[in-house]
Each structure stands twice: as structure tokens, then as C-alpha cells.
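Reviewing the structure listed below.
The numbers here are math on the coordinates, done by the rules we state, and not lab data. Values in this document were obtained by computation on a predicted structure and should not be read as measured data. Positions of Cβ are backbone-derived with ideal geometry, glycine not excepted, and every protein chain shown enters the neighbour counts.
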Amino acid sequence: MKMSPDTSNPQRDRATYAAAVKFVAIFVAVALVILLGSMAWMSGCKTGAGQGALDNCSALQRNTLAAGPAVILSIGGVWAFLRTYRVWRARGGWWIWQGAGWFLLMLMLVVLGMTAPLALLS
């Protein structure tokens, strides 16, 4: 059984690449909408700056800001890895989907590192 993918049809790899880029763009856009929406939701309760700025915000508001975008990106990463397996089984360009999964998971870590400390302030 040959483990390497069939690269005799580059048109199929282009279609896989386009599908993976569209998939990543959709998940990043949804995460941005949740991030900006939760920031707008918290704008009414934020007071001043510094450590006590979010004391008036509810736990739901802080947790939505901290975990909402990261959860969406991690779901996208896991989903991309599932697609990796399915494309590998079909002897396609699986590495494209694996790259999409790793990109989404690394972006999730960056977003979580930026937003999680905000929820831990109060």
C-alpha cells in the first residue's frame, strides 16, 4: 500500500487548496465577529483602565471575550484535522488540510494568550 498521495493531477490539489483557504477564512471571520461583538458588548460596563476596569462586567461577558474566539478557532482546527484524515484516505493532498489545522490551532493560542488575561483580571 502506497502511503504517498497521488500528485499526478495538480488540478485536484488546487481545488483542495482553495477549499482549505475558504474554510480557514470562514472560521477566522466567525472568530473575529465573536471577538468584536464581545468587545462591543463589554464597552458599556468597562470603567477606566487597569486592573479594575472590568469589575462591572459580568462573568459571562468576560468569559465570552476570553474563550469565545478561541473555542471557534479550536473547533476549526479539529475539523481541519478530520478533513486531513478523510483526504488522506482518499489519496489526496492531505498536507494542505493539515497546514490549515495547524494554522487555526496556532492562531487559537495567540488569541487565547491575548484575551484570557482580560477575564482573569477580575
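Listing for the model above:
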item: Vicinal HN-Hα couplings computed from phi for segment 80-96 (Karplus, 6.51 cos²θ - 1.76 cosθ + 1.60; Hz; Gly/Pro x); result: 5, 5, 5, 5, 4, 4, 5, 5, 4, 5, 8, 6, x, x, 5, 5, 5
item: Approximate spin-label separation residue 88-residue 110, in nm, with each point projected 7 Å along Cα-to-Cβ; result: 2.6
item: Residue 33 paired with residue 79, simple spin-label distance in nm, labels 7 Å along Cα-to-beta-carbon; result: 1.2
item: Footprinting exposure proxy for 55, 13 (fewest neighbouring C-beta atoms within 10 Å first); result: 55, 13
item: Neighbour-count ranking [beta-carbon atoms within 10 angstrom, fewest first] of 32, 105; result: 32, 105
item: Sorted by Cβ neighbour density within 10 Å, fewest at the top, the residues 85, 17; result: 85, 17
item: Note, ³J(HN,Hα) from phi for segment 106-118, Karplus 6.51, -1.76, 1.60, rounded to Hz, x at Gly and Pro; result: 5, 5, 4, 5, 5, 5, 5, x, 8, 9, 4, x, 5
